[in-house]
């Protein structure tokens, strides 16, 4: 059954409008395709070894970063995406690829026709009005022994703490301009992320931080790979200050 609320019809129309609005900001810009994609690849690389195949659900498509990492492993990937712009990009990118199916709908509307070995919830939980309820639903889409891998930006990352001390925002977790543009409803630190996953009926195998981001993306756009990797390594010592959080989970016992 799709996830619904008492006012599902009106709510879903509003959510579709918001998804289309947010898709017009940030995504496919030089910053997103440049420094942010380079550093997000660190998160993808950390998570891919925990993927169980062959059937994987990719929740939320931007530019194929997750699918591109999964297909060489022999995975069959179902992509769920709500924004027309991203759906068109995905269908063009994977045209003729029999191992990719692209579903145009909101996450809340998706009804799978199979169970999955792995579900990738890549940076999408923060956009949902009720992420815990969605996780409870998505847990039912997993094969026995399957995994759900979730990633989120850290609301208390080093660069957000620095920004708050510079009075760019009142606190590290206050929504900044980018959050508002892309429709971020909630920021999470590692404790809040853990609580959300447990509320969603999941058992957490691993919850880690990835990549220490000291400055804004614009200030780091010309950093070379060696410097970025140094901050990746230092981030392993300071995980609560890292830019991204990632969790490897399995469906909890009834």
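Within the stretch 54-68, if we keep just the residues that are touching a helix residue (DSSP H, G or I) at 6+ places or on another chain (Cβ under 7 Å) and crowded, with 18+ Cβ neighbours inside 10 Å, the residue that is modelled with the lowest pLDDT turns out to be 62.
Considering the stretch 115-134, the residues that are touching a strand residue (DSSP E or B) at 6+ places or on another chain (Cβ under 6 Å) and at pLDDT 95 or above include one that is farthest from residue 53 (Cα to Cα), namely 121.
Among helices (runs of 4 or more DSSP H) entirely within the stretch 76-179, having at least 2 residues that are touching a residue at least 12 places away in the same chain (Cβ under 8 Å) and more than 29 Å from residue 206 (Cβ to Cβ) singles out 84-93.
When you scan the stretch 232-244, do you find a residue that is under 15 Å from the mean Cα position of the chain (by Cα) and in contact (Cβ under 8 Å) with a residue 24 or more places away in the chain, even just one?
First, pick out the residues of the stretch 232-244 that are under 15 Å from the mean Cα position of the chain (by Cα): 243-244.
If we keep only those that are in contact (Cβ under 8 Å) with a residue 24 or more places away in the chain as well, we get 243-244.
Yes, there is a match, as at least one residue in the stretch 232-244 is under 15 Å from the mean Cα position of the chain (by Cα) and in contact (Cβ under 8 Å) with a residue 24 or more places away in the chain.
Taken over the stretch 213-240, the residue count meeting the criterion of being touching a helix residue (DSSP H, G or I) at 6+ places or on another chain (Cβ under 7 Å) and crowded, with 22+ Cβ neighbours inside 10 Å is 1.
The values are calculated or read from the model by the stated rules, or taken from the named source; none is laboratory data. The model shown is predicted, which means the values in this text are computed figures rather than measured ones. Neighbour counts are summed over all protein chains in view; Cβ atoms, including those assigned to glycine, are modelled from backbone coordinates with ideal geometry.
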